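FYI, it's all coordinate maths here, none of it is from the lab. In this text the structure is predicted, and so the values were computed from the model without any measurement. Glycine gets a Cβ as well: all are built from the backbone with ideal geometry, and neighbour counts include every protein chain shown.
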Number of protein chains: 2
Amino acid sequence: MRVGFVGLGAMGAHMARNLHREGQLTSVWSRTGEKAGALAAELGLQAPATLAQLAAGVDAVVSCVSADADVLEVAGALAPALATGSLLIDCSTTAADTARRAAELLRRGGVEFLDCPVSGGVEGAREGTLAIMAGGAPEAFERARPILEAMGRTVTLFGPVGSGQAAKATNQIMCAGIIEAVSEAMAFARAQGLPLEKLIDTLGKGAGSSWYFVHRAPNMVRGSFPAGFRVRLHAKDLAICRDMAARFGVSLPVVERMLAEYAELIARGHGDEDISATFRLKAELFEPDKNGSGG
Amino acid sequence: MRVGFVGLGAMGAHMARNLHREGQLTSVWSRTGEKAGALAAELGLQAPATLAQLAAGVDAVVSCVSADADVLEVAGALAPALATGSLLIDCSTTAADTARRAAELLRRGGVEFLDCPVSGGVEGAREGTLAIMAGGAPEAFERARPILEAMGRTVTLFGPVGSGQAAKATNQIMCAGIIEAVSEAMAFARAQGLPLEKLIDTLGKGAGSSWYFVHRAPNMVRGSFPAGFRVRLHAKDLAICRDMAARFGVSLPVVERMLAEYAELIARGHGDEDISATFRLKAELFEPDKNGSGG
């Protein structure tokens, strides 16, 4: 299968390289044409000038772009040019509704769409160990499997188009609540004068533990929050969760609270730190100079 | 060392039996004297009528009672009767300040106090696999170690008197935020129509995972919340966390929110369910008949 790749950002560039390594990549395209030109020159690929030209030469396109509007724009540009029976595999993180709209744009031309958001970060993209959460038709998913397995280690179909995004959103809601819990608990523990490394070691083995506590509470001890999972990216994902919940008329307390916390962190210039930087705000609760209430 | 045990509730009765099994238990006392009388008759122990009589015949007392006031009452009653150099090991969950007040009551008579709250539930108490978080003098802790190791598997000294309670409170704050996150995420996932078992299996291996997600999200799929960690007991512990934070002039968002959720669950008769019953309230957000906002 000839595969084209659209979107060569921090994640996409690594994912494209892994597809190339498996001999599946034919051509690349990026909004800033230089990125595509450079990668194509390095790897011996084509770098067509337009999305329509890219579409004309491949059986499947993988896209990894930033925003919901970008996905719809890419799908709209590819739709008239992709052959009947070809695939668009979108690895961007979007609302489930955006995935369904993209699928609808493509369905008229007989093109199958799969929403395939990933988790595992830049490191997972580079090493090909991403977890990929897919939504779409089972037949399309099976055709896409070799492509997905070139980029990720765990590849799971959750249901029809939109289900991959719903699964990813579920994960992002959990991450939000857990990082708040860990941050608040660690700020409390520090105020109590507890030995924090010993605490992480002990509580990390118990029922209150979590991946974030074991792997990111040490950031809080050091007061250093290297990315990681960047605050501004999680904020973007949580805004999607907010929109998906709003379609049910629902406001989700964990999501709303963490969007407010992240807005504060971003306003203070911490948007590119790991989400464990939430500890900064929780720690301030215990600092009388800043909260004005004394200790 | 001759050990007396005070408080033969759901936890204490098992802990006393484990001390007896290790040949360390001399006598037992309970507020309702029948419990002590029955256990003493079964195990061939003494069941003195008063705490002062219990104190007169032992080198150490382990207490496991319900409320902060009970701990102070027990410490006050034992203080005049315990020999200089003896130990009071309190396994109740209280505020750190209560531990410090109890220690002060005993210090005048040369009795050492250790706050040793436990986690692991009734199952851990029965099997002797509790995690025990201790606060007190290192020398007193070392003397207490054989007693603690008869009741628990992990025994950790965190610092001076009060530190055990502070460590336990930290853990309870994390549990609160995590169960809210997992409940909210699972309610969202169900509303999205995701296959929930597959979701638990997949996300349980990722960075959004936690002990509670892996072990209690299945309760949410079944709609059944057998204890477990009872809502009303976690609410009691969180009220202690609230008080400990209030001493710094701080109100903790995760703690306050979960106290409100638990008050609602208790009001509806779910106080003896596992804390994963929080899912009941989060799921209602997505039920238009109940929140009146439609979907």
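Taken over the Cα atoms of the range A:88-209, the convex hull encloses 120 Å³ per residue. Taken residue by residue and averaged, Cβ atoms of other chains lying within 10 Å of the Cβ of B:192-200 number 6.
Can you find, among A:57, B:172, B:43, the residue sitting farthest towards the positive end of the charge dipole of the protein assembly as shown, where Lys and Arg contribute +1 and Asp and Glu -1 at Cβ? Final value for the positive-end residue is B:43.
A point 7 Å from Cα along Cα→Cβ stands in for residue B:149, and the other copies hold the same point at 5.1 nm, listed in rising order. Annotation for residue A:104 and residue A:84: the two label points, set 7 Å from Cα along the Cα-Cβ direction, are 2.3 nm apart. Nearest to the axis that brings chain B onto chain A is this chain B residue, judged by its Cβ, with the distance in whole Å: B:210, 2. Calculated FRET efficiency, residue A:145 to residue A:123, Cβ-Cβ distance, R0 = 22 Å: about 0.45 to the nearest 0.05.
Whole-Hz Karplus values for the range B:235-242 come out as 4, 4, 5, 5, 5, 5, 4, 4 Hz, taken residue by residue from phi with 6.51 cos²θ - 1.76 cosθ + 1.60 and θ = phi - 60°; glycine and proline positions read x.
Count the DSSP beta bridges whose two residues both fall in the protein assembly as shown, then state the antiparallel fraction as a percent rounded to the nearest 5. Looking only at bridges with both residues in the protein assembly as shown, the antiparallel portion is about 15 percent. Filter B:168/B:236; A:198/A:236; A:198/B:198; B:198/B:282; A:168/A:236; A:168/B:282 down to the pairs with a C-alpha to C-alpha distance above 24 Å, please. Distance filter (> 24 Å) returns A:198/A:236; A:198/B:198. About its Cα centre, the dipole of the range B:165-295 is roughly 240 debye, where the only charges are +1 on Lys and Arg Cβ and -1 on Asp and Glu Cβ.
When only alpha carbons are used to place a centre, the range A:165-229 and the range A:89-142 end up 30 Å from one another. The value of relative contact order for the range B:166-291, using C-alpha pairs under 8 Å at least six residues apart, is 36 percent. Taking amide H positions as modeled 1.01 Å from N, with prolines and chain starts lacking one, the residues under 5 Å from residue B:134 and 5 or more places away or on another chain are B:156, B:157, B:158.
Relative contact order, whole percent, for chain A stands at 13, derived from Cα pairs under 8 Å and 6 or more residues apart. If you wrap the range A:3-161 in the convex hull of its Cα atoms and look at it from every side, the mean projected area works out to 7.6 nm². Using a 7 Å projection from Cα along Cα-to-Cβ, the label point at residue A:287 is separated from the same position in the remaining copies by 4.4 nm, smallest value first. Restricting the calculation to Cα atoms, every distinct pair contributes to the Kirkwood radius of chain B, found to be 20.3 Å.
Of the trypsin sites (Lys or Arg not before Pro) found in the range A:73-118, those that fall in a DSSP loop while having at most 15 other beta-carbon atoms within 10 Å are A:108. Rounded to the nearest 5, the antiparallel percentage of DSSP beta bridges internal to the range A:1-142 is 15%. Using Cβ point charges alone (K and R +1, D and E -1), the dipole size of chain B about the Cα centre works out to roughly 140 debye.
For the range B:108-122, backbone phi angles converted through the Karplus equation (6.51, -1.76, 1.60; θ = phi - 60°) give residue-by-residue couplings of 4, x, x, 9, 8, 10, 10, 8, 9, x, 10, 9, x, x, 4 Hz, Gly and Pro being listed as x. Taken residue by residue and averaged, Cβ atoms of other chains lying within 10 Å of the Cβ of B:128-137 number 1.
Considering only B:113, B:225, B:248, the Gaussian network model of chain B with Cα springs below 10 Å gives its largest mean-square fluctuation to B:248.
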